[in-house]
Amino acid sequence: MIKTISLLLISNIFMTFAWYGHLKNLKEKPLYIAIAVSWFIALFEYIFQVPANRIGFSHFTLPQLKIIQEVITMVVFAVFSIAYMNTPLTKNFIWASLCLVGAIYFIFKDM
C-alpha cells in the first residue's frame, strides 16, 4: 500500500507541473512549446502512474484506487497552488477537500 501511495504521489507532482506549471513558466512562449514541455513532463507522470496502478490493483478495488488518486491530486494541487503559483487557499477549496474525505469514508466503508 505504501509503495502505491508513494508512486501516486510522485506521479501527481509531475502531473500537476505538466498541467499547470506552464501557466507560470511558459506564459510568454508559443503554445506549441508549452505543449511539448508538458508532454515531456507527463512522460514521467506515466512512468510512476502505471506501476502505481498495477501494484495498487492487487490491494485496492478500482474505485478505491481512483479515490486515493483524487485525494493525492487535491493535496499535491493545494501545495502547488499555494507554494508555487502563490494562489490563496480559500474556504471553498477546504469544503471541496472535506467532500473528498467523505468519498474516502464511503469507498472504504465496507472493507
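Straight-line cross-link partners of K91 among the aspartates and glutamates, defined as a Cα under 20 Å from its Cα and at least 8 positions apart when in the same chain: E70.
If you add up the charges near I104, with Lys and Arg at +1 and Asp and Glu at -1, over every other residue whose beta carbon is less than 15 angstrom from its beta carbon, what do you get? Spell out each step's value before the answer.
Values: positive: K66, K109; negative: E70, D110.
Surrounding charge for I104 is 0.
Select one label from [x] 15.5, 50; [y] 19.2, 71; [z] 12.8, 40: the one whose number is Rg and Dmax of the Cα atoms in Å as derived from the coordinates shown. Comparing each candidate, only [x] matches the computed number. Within the chain, helices built from complete DSSP H runs that reach 30 Å or longer along their own axis (Cα positions) and carry a mean Kyte-Doolittle hydropathy of 1.0 or higher are 31-56.
Remark: relative contact order (the chain) = 33 percent; criterion is Cα-Cα distance under 8 angstrom and separation of 6 or more residues.
Just so you know, all these numbers are worked out from the coordinates, no wet-lab data involved. Just so you know, these numbers come straight off a predicted model, no measurement behind them. Positions of Cβ are backbone-derived with ideal geometry, glycine not excepted, and every protein chain shown enters the neighbour counts.
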